[in-house]
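Q: If you scroll down you'll find the structure; I have some questions about it.
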There are 2 protein chains.
Amino acid sequence: MPELRQDPVTGRWVIISTERAKRPSDFRRQKDEEGPVQPDRKEKNCPFCPGNEKETPPEVFALRLAGTSADTPGWQVRVVPNKFPALTANGDGRKKTSGLYNSLDGIGVHEVIIEGPDHEVELREYKPDHAVRVLQTWRQRYLQHARDGRLAYVQIFKNYGTEAGASLRHPHSQLIATPVIPPDLQEEIRRAEEYMEREESCLYCDLLETELRQGARVVAFNKHFLAFCPFASRFPFETWIFPRQHQPSFGDLTDAQLEDLVSLLQDLLDRLAKTLADPPFNLIVRTAPLHQEVPTYHWHLQLLPRLTTVAGFEWGTNIYINPTSPEHAAQFLNDVNKEEQR
Amino acid sequence: MPELRQDPVTGRWVIISTERAKRPSDFRRQKDEEGPVQPDRKEKNCPFCPGNEKETPPEVFALRLAGTSADTPGWQVRVVPNKFPALTANGDGRKKTSGLYNSLDGIGVHEVIIEGPDHEVELREYKPDHAVRVLQTWRQRYLQHARDGRLAYVQIFKNYGTEAGASLRHPHSQLIATPVIPPDLQEEIRRAEEYMEREESCLYCDLLETELRQGARVVAFNKHFLAFCPFASRFPFETWIFPRQHQPSFGDLTDAQLEDLVSLLQDLLDRLAKTLADPPFNLIVRTAPLHQEVPTYHWHLQLLPRLTTVAGFEWGTNIYINPTSPEHAAQFLNDVNKEEQR
């Protein structure tokens, strides 16, 4: 029988539809379909490849070999403004109201984090020390923009594969900082504050404890992080990664935690690629808004494989139909590991 | 400069990103791409075609020629339970709570409305009297399920094209009734009630008045309905269709209104197909929840062309980046009409 489940964090309902139960093989691509990342296989046309630095706006940050100059080869991770930014640095950021309608100048930041010089080596395939550099860069950019009083929220995300919105193949992630707090996040914080008042405890910390105790949805954990498929997963194989220590903001991430996060994230991406034949995905950082104390929030990553189509029912209700229960998804992701060990 | 806009109905922010401004031709398919509806062009394999009635579950409603029997040819519009339902009639519908987690048996309804016997003639192409039958059937099914005390909300929707989630080509729409009210709708109603208390007026009626007065986003109107591209459109060419008379529920739709709705909807779908070369879309009915007086709500249709990819930024923030301003979209949809008249 199908089951409706409510996410304790957002209040969102999902339908876990067992009538449509799906195994990983149901989501694998047909052989005649192309892989998830199609465009720009030719490196010479890739604006993110070494040697083509002039094809992007000038870099705003880079980790580079000693003695190399900005906007030339020699970088390990390189950050540039998006050539077609969704938001820009201009404008005064004041809210304008005209009758029923509020608007704001679209001030903000839109950056691309080029994750490495190699056109075809993905985040999950990097040596750990290089993957650490990528996440250090995420944190560096987060902290950089967190100081800007005109900004209210920093969204870091990675789109992998054409169906997940990636228009270039070269491994990269993005940062968009907005002058407004996403209303959904405000609602999530309101719920966390309500819980804190009622239970005198962090909703997210209690969630982690529940998941570790129940075990059925746990995918991986180490000293500092826990990965699990959430009880009310919207998407098949949706996985959340939380720091086990209570931290409101992604900017709070310490160096000691960073290594654990990278090792868990690489393991998870690797298992996902094996289980689902390299699926497209979105990876997003959820974190507290800037310039205010939000002690109840608890930052985390959400990994959202793109295996199902969002259609009329989801747009109408914001209730997602998920054909793979999170318990099954976790089982499949754990079985991959066992197969490997044989 | 890009602009952030807030939707007065939902509180949602969107980014109208002029840096990425797009004209209809940017969204048109490449010639070597297939049309939006690919599967099942062979009618003999189509479970929705006349003669194949045994391939669906038995019909629960049909408009048929006099003297024809259920589950045989002779129907004009036919309604059957979905063969792979997201929700089913079983279960007690009581909420279960286990620690942090709420769940419900997935009771509900999932029906398919087969819009006509012809495999390839679309809603926009029907003769008006047949298109009226389709929307009469929507209303009939809505009213049928509105009586069921276990249900809380009825979502009617149409997915057109593979990218919009349609898995069968034969023209059809769907109805899913859920035992919970979508939380987003509750939030929308809360905002409408707040507005009513503050302004002593209906938020939606005021919205229609504003749009008619400003004119820049109006796509079409007649005696009973108004279509416009909303101020904070999430998607290029997103269009909302409202009854001009205040009505909370889709079930309130009268016969007199019905003809006006059909004529406006067919005109709009036709213009969209011409402007954007037959794009995939989702069409959804937004209506008040069942079994309660919600006098502040004002039902409407939302037409959501699927031209852009939902990616990490949108999943992270629920803020959509729209590369075509609603004013431009309305202009393009109006220009199509002018070209026709030449």
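Q: Amide H of residue B:247 versus every other amide H placed in the peptide plane: which residues, excluding those fewer than 5 positions away on the same chain, fall under 5 Å?
A: B:299
Q: If a/c stays under 1.5 just call it rounded; otherwise compare a/b with b/c (prolate if a/b is bigger, oblate if not). Do that for region B:100-210, with a ≥ b ≥ c from the square roots of the Cα gyration tensor eigenvalues.
A: Judged from the Cα gyration tensor, region B:100-210 comes out oblate (a/c at least 1.5, b/c at or above a/b).
Q: What distance in nm lies between label points placed 7 Å from Cα along the C-beta direction at residue B:143 and residue B:331?
A: 4.4
Q: Calculate the spin-label point distance for residue B:97 paired with residue B:69, positioning each point 7 Å from the Cα along the beta-carbon direction, and give it in nanometres.
A: In this crude spin-label approximation the distance works out to 5.3 nm.
Q: Kindly state, to the nearest 0.05, the FRET efficiency for residue A:291 paired with residue B:292, given R0 = 45 Å and r defined as their beta-carbon distance. Could the numbers behind the result be given before it?
A: On the way: r = 40 Å, r/R0 = 0.88.
After rounding to 0.05, the efficiency reads 0.70.
Q: Work out Dmax and Rg for region A:223-273 from the C-alpha atoms and quote the Rg first, both in angstrom.
A: Just the Cα atoms of region A:223-273 yield Rg and Dmax of 11.8, 32 Å.
Q: Are there cysteines in the protein assembly as shown with no second cysteine's Cβ under 4.7 Å away, and if so, which?
A: If one checks each Cβ against the other cysteines of the protein assembly as shown, A:229, B:229 turn up with nothing under 4.7 Å.
Q: Based only on Cα atoms, what mean projected area does the convex hull of region B:143-258 have, in nm²? Before the final figure, lay out the partial values.
A: On the way: hull surface 38.2 nm².
That works out to 9.5 nm², a quarter of the Cα hull's surface.
Q: Rounded if a/c is under 1.5, else prolate if a/b is larger than b/c, else oblate: which is region B:206-342, with a ≥ b ≥ c the root eigenvalues of its Cα gyration tensor?
A: Here region B:206-342 falls in the oblate category.
Q: Return the calculated 222 nm mean residue ellipticity for the protein assembly as shown, to the nearest 500 deg cm²/dmol, obtained by summing -39500 (n - 2.57) across DSSP H runs with n ≥ 4 and dividing by the residue count.
A: The helix contribution divided over the protein assembly as shown gives -9000 deg cm²/dmol.
Q: Additional query: Binning at 10 Å from 0, report for the protein assembly as shown what percent of all alpha-carbon pair distances ends up in each bin.
A: In order of increasing distance, the bins hold 3, 14, 25, 27, 19, 9, 2, 0, 0 percent.
Q: Would you please calculate the Kirkwood hydrodynamic radius of chain B over all C-alpha pairs and express it in Å, rounded to one decimal?
A: Radius from the Kirkwood sum: 21.3 Å.
Q: Along the Cα→Cβ direction, 7 angstrom out, place labels at residue A:121 and residue A:52. What is the inter-label distance in nm?
A: If labels sit at residue A:121 and residue A:52, their model points lie 1.8 nm apart.
Q: Nearest 0.05, what FRET efficiency do residue B:209 and residue B:89 give at R0 = 60 Å with Cβ-Cβ as r?
A: E(calc), rounded to 0.05, equals 0.90.
Only the coordinates and a few stated rules stand behind these numbers; no lab work does. On a predicted model such as this, the values are computed, not experimentally measured, just so you know. Cβ sites come from the backbone with ideal geometry, for glycine too, and all protein chains shown count toward neighbours.
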